[in-house]
Structures are given as C-alpha cells and as structure tokens.
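S.K.: Below you will find the structure I want to go over with you.
The values are calculated or read from the model by the stated rules, or taken from the named source; none is laboratory data. Treat the numbers as computed from the prediction; the structure is a model and nothing was measured. Glycine also receives a Cβ, built like all others from the backbone with ideal geometry; neighbour counts cover every protein chain displayed. Ligands, DNA and RNA are excluded from the accessible area calculation, which covers all protein heavy atoms including side chains. Shrake-Rupley method; radii C 1.70, N 1.55, O 1.52, S 1.80 Å.
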Amino acid sequence: MPSLTVDGARTRAAALSVQSYDVDLDLTQGERTFGSTTTIRFTASGTTTWLDVKPDELISVTLNGAPVDVAGLNDGRLELAGLQSDNELVVVASMLYSHDGEGLHRSVDAADGLAYTYGMSFLDAGPRIFACFDQPDLKAPYRMKVTARPEWLVLGNGAATQVSPGRWELAETPPLSTYFVTVVAGPYHQITDEHDGIALSVVARQSLKEPLEREAEDIFTVTKQSFDAYHRMFGYRYPFGEYHQAFVPEFNAGAMENPGCVTFRDSMVFRSAVTDAERGNRARTVVHEMAHQWFGDTVTMTWWNDLWLNESFAEYMAHRVSTDATDYTDNWIDFAFIRKWWGLQADQRSSTHPVAADPVKDALASLDDFDGISYAKGAAVLKQLAAYLGDDVFLAGVRAHIVSNEFGNATFGDLLAKWTEAGAVDLDNWAGAWLRTPGLDTISASRTATGIKLSRIAPTAYPASRPHKLTVGGYDAAGQATTVDVLLDADEVDVPLDPSVAVVIPDAGDDTWAKIRLDADSLANLPSVLPKIEDGVTRAVVLNSLRDSIADAELDPRLGFEVLIGMLPHETSDIAVGTMVGWANMHLLGFYLPYEPYRGHVAEALAARLGTAPAGSSLQLAVARGYVRFTDEVDVLRSWLNGGAPDGLAMDADLRWTVLLQLARLGAVGDADIDAELERDTSSEGVVHATRCRAALPAPEAKERAWTLIMTDPDVANYELYAACEGFWHPAQLELTAPYVDRYFAEIAGTEKLRSGWVVASSAKLAFPRYAVEQRIVERASDLVADDSVAAGIRRSVGDGVDDLKRALAVRSAFGN
Ligand SMILES: [Zn+2]
C-alpha cells in the first residue's frame, strides 16, 4: 500500500479545505465487518483529488449527487474528478474489524466471551474506520453517529448521547486531524466523575470491573491535579468538552491522545499487585496524554516529521507536571534509569536521526523515527532548553504557540518564532546543534592540582557545539555531596571542586544529554561510595555511565557486575532494582558475560535482598520478580505457588504466572501445568501468560509450535504474538533454539504479509535471536538490513539487533569473556 508523501500532502492541503465530516458507524453487522457511511463537505480550488478509504467492500461513492465508480479504488485510494468549489461526498463502505490494534479493533474477552471495540486511527489507520482525506493538516469538525447493541456503551471525541436503544449521537467536535478520531464501543464498565466543569470517566472491560473500581480514585486524582496544573501553565482552557479515559484490550502503545477520549492499554488497570514504579508510570501516562490535548490535538504538527515535538513535549511535561502537581514524585528517577537509557542507546545506533528531522519521509516511514530519540532525547533537550531560555520565556512561547495556532497546524519553525518573540536569543544555533544534529557528546571529568577539569567531546560523525547546563558533584567516602553549577560551552571548562574527593560525577543532576565518563579514581572508589549516595537520580547517572562505558567496550563488564552485586543489598528504589535486573537480563548475562556462573550470583544477591526487603513493600515485589527470573531453585518456586511465598508477597494471578514462566524455562512444568493455571485464571491476560510459558518450555515441539505461531499465524492477536516471541529465546536454551537462528533471517520478512502496522516491527524486534552472539549473525543480519524488498520496520528492528550484537562481540573480544 503506498504511503502518503509530504509532497502529496502539501498538494492536497493546498487544493482542499474540509468543512465537516459526518460519520455513521453500524456495529451490529456481525463479528467480521461493520458499516461505515461518511459524508464529507469540502471546498476545492482544482477539479481533482483523491480520497483515502481501506474497506472490505466499497459499496457506493457519490460526489455532488453523481455516482463515482467504486472500481477505481486502488490500494486504499480513490481518485475523484469533476470537483466543484463546494462539494459533498458520500461514501458507503463495509469495513473489517481489526485484530492488530489499528483501525477498529475488536477483541473478545476470554473471561466471559464479551466483545469490545475501539478505534485507533494513528498513524494512517483512520481510513480503516471511515473514508477521509487522511493527513494531519486537513482538520475538520466531526459529527459521529453509532449504532451498537443496546447494552453497549459508546464514547468518542464528542460527548455521546444514547438517543434510542443502541443508537448514539456524539456532539460536534472542534476541528480534528484524522489520526486522532476515535470511537470506543462495547459493554464497558464505566465510572464517572467531574472536575472544574469537565465531565470525567474511566472505562474498562467488565472482567476488570473490580480493579477499575479500586483504581479509579487514583486515576481521577491525577487527572484533576493535571488539569489544574495545565490550566495554570498554559492559560488556555481544555477545549474538547468531556474527558474520558478508556482502558482498552490489546492496545499496542501505552496510550493514545484522542481528544476527549484517550485510550490506554488496559494492563494499567492493575488486577495484581504492582510496584510504585508501575503506578508512577501510569500516572505519567495520564499526564502525558493530557499534555497532548494542548500540544498535538489543539495545535497539530503539519507533517509527521514534527511528531517528535508532540512526543518530546508530552514526555517532558509528563515528568515535570507529575512531579510538581501529583503525589508521584520519583518521575525524574524513572526518567534517568529507564526512558533516558532507551534514548541514549537509540542515539548511538546506526539508525540514529536528529530529534527534528526534515520533512522528507513518507507517513509510514516516519513511524520508524518514533523512538527513544523522539521521546527521551527530545524531552531531555526541552529540559535543557527551559534551563537555557529561563522558564518564563519557555512557557510564554508555548502559550503563544497554542493560542495563535488553535485548532490548526504548525511546524517547529513556528514554535521557534514564538520563543524568539518571547525573548529567546540565538535560538537557531542552539536548535541546530541540539535538535537538527544527531548524536551526543561525551562529557568526562579529570582531576588537576587545584580542581576538576570538565571536558566535552563531540562525536566525529556529528560534530556540533552543544552548550550543556549541568551540575558536577564531588562525593566524599561517606557519599556526602558538594555540587557546582556549570555551563559547559567550550571543549574544556575548569570547575572549582576539591580534586581529592572520592568520586566526581559530571551531570550529577541528570540535566543534560550526553555520555558521561568517570575518571579512574572515581571508578575505583565507586563500589564503596555509590551505595551511600542519597540522590536516586545521581545513582541513575552513574549506572547509565557504567552501562554505556561497558557497551562501548571501554569498561570490563565484570566491574559493572561487581557494582551491581554491591548495590543490590542497599538499593531501596524499586525502579533501580528493576533497572539493574533488566540490565543483567538483557545485557550482562548471556550477552557480554557468560550466563553461568553470573546468573547464580545474581540469584543469590536477590535472595538475600528478599530477606531484608520490607514485607508488602514495592521493593519486595521488585526484588521477588528479579529473584524468580534468575533462580534455578525449583523447590522454592513450587513452594511459592503452594502457600510458601515470603510474608507480604501477594501470590496473585500475575506473580503466579511469573513463577510458572521460570518453572517452564527450567523444564520443571509442562503443558498440563500451564493448562491447570489457565483454569485458575481464565482471563485474556491468562491466555497471554500461558502463550509465553508454552514458548519457554525447553522442548523441541514447544519451540516449533511457538515458531509456527510467530512466523505463519495471520490471526493470532497481537499480545499473544508478543508473548510467544518473549518466551522463545533464552541464554540457557541456546542449543535447543540454534536451528531457529538461521530460520529467523529466512522467515521474518514474510511476516509483513501476515500482519500490518505496528505489530510487524514489534514482533520482528522481539523475535530477534538476541543471544546468538556470533560474527556470522552480524553478516546475516546486515544482508537483511540491506535488502530494500524487506519492510522498513523489519529492517529497522533487525538493524537495531545487529548494533547490539556488534557491541556484545566487541565487549567479549576486549575483555575475553
Ligand atoms: Zn505521546
């Protein structure tokens, strides 16, 4: 299917102006398809254009009363000729429900057989729901009507009213882009509230009724606090009427910012115990999506190259506002450990790109850039910008941008102009270095006779002069800090800090975006000093520096392992524990270092920490999950399932599955045990867990079954597909899975024909044979990346996998592991 190019979009936007969409959906036509009738009123300056529509069957198209031949539909496009200055286009179609999370997704709950639907129009999936001119800068008001089963609830961008049993009419919306038009329909359970004149609700499947009732208050509280904060900050009232938050099944992303009706993945309605980090993540997601109501929805980028600005802005605001205005105050720790690490890796890959790309890619290819750079680097750079401009200038520019582009579209250049009007100077140079140039500087500290010298080195591939506002921390043997604020705007800057301190940490407050390197004395003192450093953000800066130095093959991974083992007995942050366990799992064990005996040491350290973690605490849960992942003590795991878990640890459905997954990996359970667990937990979540467990079994037939699902099943739902990929590879099963390494490269390209959109790249990434650390695989993967007949999303996933493999080979070769 051809994807819209920027030139095509510009031509159409110049020729058309859309007055309104009337969309009428009939969701009562069975399980496979739904009816979709769209009336578009628009003006045209020329006589031809094209319509976007991706139906199962295009039934009729009428332009200004005259029929258009539906046989002209070609690959989602229908050419229109004979346009007048004012036009009315009526399109009647039958559309397919989707199972890949895009278009109008339909999902049947395994727990009770109830069916649920929701619309996901992002990025180019709108035409799978209604006929439209699908590009972000052809905005128009929508009036939507929906026919559904009488017992269903219907929500959308405008306030929904049931006018007769099963018939709903939604209030006319302000002008919307096609990519955030949605409808949520099904027998959802709804809880309503109100704040400051805004009607609020949360909805989820009936089988999540109990957890939704439990969690609603927390979600509403964060929602209300965030509305107040944004109203104060932007001085512009939320313009979309009601505000519904729908927690929907099998959602690919974390959430989607549809105006008035945000959709979230429903794992955020916690049915089992979660860590504080997971609660904080949900709060941040709520705040993030709300930021988009202004930045993204009220003002929308003109073309997809500026999508970064939506995401960087929402990511920055999510951390800032949830820290300042809600009870969730550990967000910058989470940002440092998790989000930033994601972006730092992305910015060093061969696929790196500027935060602000030129408008050259087509719509679908723009999705590839929707990564750790667009989110985390962009947010870190906006944080630098707010510090560079001063917060008053930063916010004044943002306010002016919203007001002057209300319900319209804008580019990054328009926003720069607003910041300049607000008083920013020399912003073009700043933006050129930080936003238009990829890559990141390396910042290191060295000791002189009288102080500390801070050095900045730009990457040779992407030279630029980036000014960094940061703090440098000096720590004594007891972990006590002395910090100095520094503007690093030259290649070397002297810092007035006692050179005899035990540890020197550049960017101790995690304010900038750079590779941080510690000097040899600091590294030597680190194992004893790091556990005494109070500030969680600073500990994250150090861990990121270690992770990055090891990934660059500059530092022996055994030193990183030693620091990790030294930290675990003292670490009190569940975010930090979760990050260290994840790093050990994804990078250290079976990748940079052999799986054994290091696995055993991690398991021992976690078992010991489990003995000291407070019963019932979030920390206890994070440690327990880590222990389960690494232990080979089958008897202990079995006893946990049979009432012998540590005090305070709730053996709820999700933790039981986590234990069963490890037992499956160890070959201590089989299909019958997995079936028995599925009888205890008959939910859709249970089905996904069971799929992961089955793929993890160390038996040839189990691997073949999972592989067949991954590579050949066109109907598997997205979450089950991901679970099969996640369960498949494991460093303790290398021999068993060896035949599938080559099969991956032979078969993965074919999955593009089975599935579409987001799922294709995600499953290619998750199914990549990560633990096959061999030069031969680098070559095999590089050939696939160079083959332009393979889908771009698959090549991107494989390319990122190769980058990781090359690093692992370099680390192994440098340190002889
Ligand atoms: Zn977002």
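S.K.: Which one is nearest to the ligand (Cβ to nearest atom), of the residues in the range 374-391 that are open to solvent by 40 Å² or more (accessible area, probe 1.4 Å) and in contact (Cβ under 8 Å) with a residue 24 or more places away in the chain? Spell out how you get there, then give the answer.
M.R.: Taking the range 374-391 and keeping what is open to solvent by 40 Å² or more (accessible area, probe 1.4 Å), we get 383, 387-388, 391.
Next, from what is left, pick out any that are in contact (Cβ under 8 Å) with a residue 24 or more places away in the chain: 383, 387-388.
Numbers: K383: 17, A387: 23, Y388: 24 Å.
Result: K383.
S.K.: Considering only the range 114-139, state which residues are in contact with a His (Cβ under 7 Å, 6 or more places away or on another chain) and among the aromatic types (F, W, Y).
M.R.: Scanning the range 114-139 gives a single hit, Y118.
S.K.: Can you give me the number of residues within the range 214-239 that are within 16 Å of the ligand (Cβ to nearest atom) and either in a strand (DSSP E or B) or closer than 16 Å to D297 by Cα (or both)?
M.R.: Residues flagged as within 16 Å of the ligand (Cβ to nearest atom) and either in a strand (DSSP E or B) or closer than 16 Å to D297 by Cα (or both) within the range 214-239 amount to 1.
S.K.: Restricting attention to the range 326-364, which residues are open to solvent by 50 Å² or more (accessible area, probe 1.4 Å), closer than 29 Å to I550 by Cα and of a type in the set (A, V, I, L, M)?
M.R.: I338, the sole residue that qualifies.
S.K.: Further question: When you check R629 against the structure, is it in contact with a strand residue (DSSP E or B) (Cβ under 7 Å, 6 or more places away or on another chain) and surrounded by 15 or more Cβ atoms within 10 Å (Cβ to Cβ), yes or no?
M.R.: no
S.K.: For a quick check of your reading of the model, give me the residue pairs whose first member lies in the range 658-669 and is touching a residue at least 12 places away in the same chain (Cβ under 8 Å) and under 11 Å from L697 (Cβ atoms), whose second is hydrophobic (A, V, I, L, M, F, W, C) and not in a helix (DSSP H, G or I), with beta-carbon atoms closer than 6 Å and at least 6 apart or on different chains.
M.R.: Correct list of pairs: L663/V669; A664/L697.
S.K.: Here is a list: L367, L307. Which entry is open to solvent by less than 10 Å² (accessible area, probe 1.4 Å), of a type in the set (A, V, I, L, M, F, W, C), within 16 Å of the ligand (Cβ to nearest atom) and modelled with pLDDT under 95?
M.R.: Numbers: L367 fails: open to solvent by less than 10 Å² (accessible area, probe 1.4 Å).
From the options L367, L307, the qualifying one is L307.
S.K.: Read through the list (1) out of contact with any helix residue (DSSP H, G or I) (no Cβ under 6 Å at 6 or more places or on another chain); (2) closer than 29 Å to W513 by Cβ, then give the number of the only condition that L589 fails.
M.R.: Here L589 meets the rest and fails (1).
S.K.: Hey, another quick one. If you take the residues of the range 412-438 that are over 28 Å from the mean Cα position of the chain (by Cα) and open to solvent by 70 Å² or more (accessible area, probe 1.4 Å), which of them is farthest from N544 (Cα to Cα)?
M.R.: Residues of the range 412-438 that are over 28 Å from the mean Cα position of the chain (by Cα), as a first pass: 417-429.
After this cut, where a residue has to be open to solvent by 70 Å² or more (accessible area, probe 1.4 Å) as well, the list is 420-421, 425-426, 428-429.
On the way: T420: 34, E421: 37, V425: 33, D426: 31, D428: 30, N429: 28 Å.
Across the range 412-438, the extreme among qualifying residues is E421.
S.K.: May I ask you to list pairs of residues, at least six apart or on different chains, whose Cβ atoms are under 8 Å apart, with the first in the range 703-714 being closer than 14 Å to G727 by Cβ and the second being outside any helix (DSSP H, G or I) and not β-branched (V, I, T)?
M.R.: Sorted first by the residue in the range 703-714, then by its partner, the pairs are K703/L697; I710/A767.
S.K.: Among the residues of the range 196-205, is any buried (at least 21 other Cβ atoms within 10 Å of the Cβ) and either at pLDDT below 95 or in contact with a Cys (Cβ under 9 Å, 6 or more places away or on another chain) (or both)?
M.R.: Within the range 196-205, the first condition is being buried (at least 21 other Cβ atoms within 10 Å of the Cβ), and the residues that meet it are 202-205.
With the extra rule that they be either at pLDDT below 95 or in contact with a Cys (Cβ under 9 Å, 6 or more places away or on another chain) (or both), the set shrinks to none.
No, because not a single residue in the range 196-205 is buried (at least 21 other Cβ atoms within 10 Å of the Cβ) and either at pLDDT below 95 or in contact with a Cys (Cβ under 9 Å, 6 or more places away or on another chain) (or both).
S.K.: Something else about it: V287 - would you say it is more than 27 Å from L153 (Cβ to Cβ) and either at pLDDT below 95 or within 15 Å of the ligand (Cβ to nearest atom) (or both)? Show your work before the answer.
M.R.: Values: more than 27 Å from L153 (Cβ to Cβ): no; either at pLDDT below 95 or within 15 Å of the ligand (Cβ to nearest atom) (or both): yes.
No; evaluated as a whole, the condition is false for this residue.
S.K.: Determine whether the range 315-333 contains at least one residue that is among the aromatic types (F, W, Y), at pLDDT 95 or above and within 24 Å of V541 (Cα to Cα).
M.R.: Step one: of the range 315-333, the residues among the aromatic types (F, W, Y) are 316, 328, 332.
Checking which are at pLDDT 95 or above leaves us with 316, 328.
Right, trim to within 24 Å of V541 (Cα to Cα) and you get 316, 328.
Yes, because at least one residue in the range 315-333 is among the aromatic types (F, W, Y), at pLDDT 95 or above and within 24 Å of V541 (Cα to Cα).
S.K.: Can you find a residue in the range 439-448 that is touching a Ser or Thr at 6+ places or on another chain (Cβ under 8 Å), buried (at least 20 other Cβ atoms within 10 Å of the Cβ) and in contact (Cβ under 8 Å) with a residue 12 or more places away in the chain?
M.R.: yes
S.K.: Out of (1) in a strand (DSSP E or B); (2) more than 21 Å from P527 (Cα to Cα); (3) open to solvent by 60 Å² or more (accessible area, probe 1.4 Å), what's the single condition that is false for T460?
M.R.: So T460 meets the others, but not (1).
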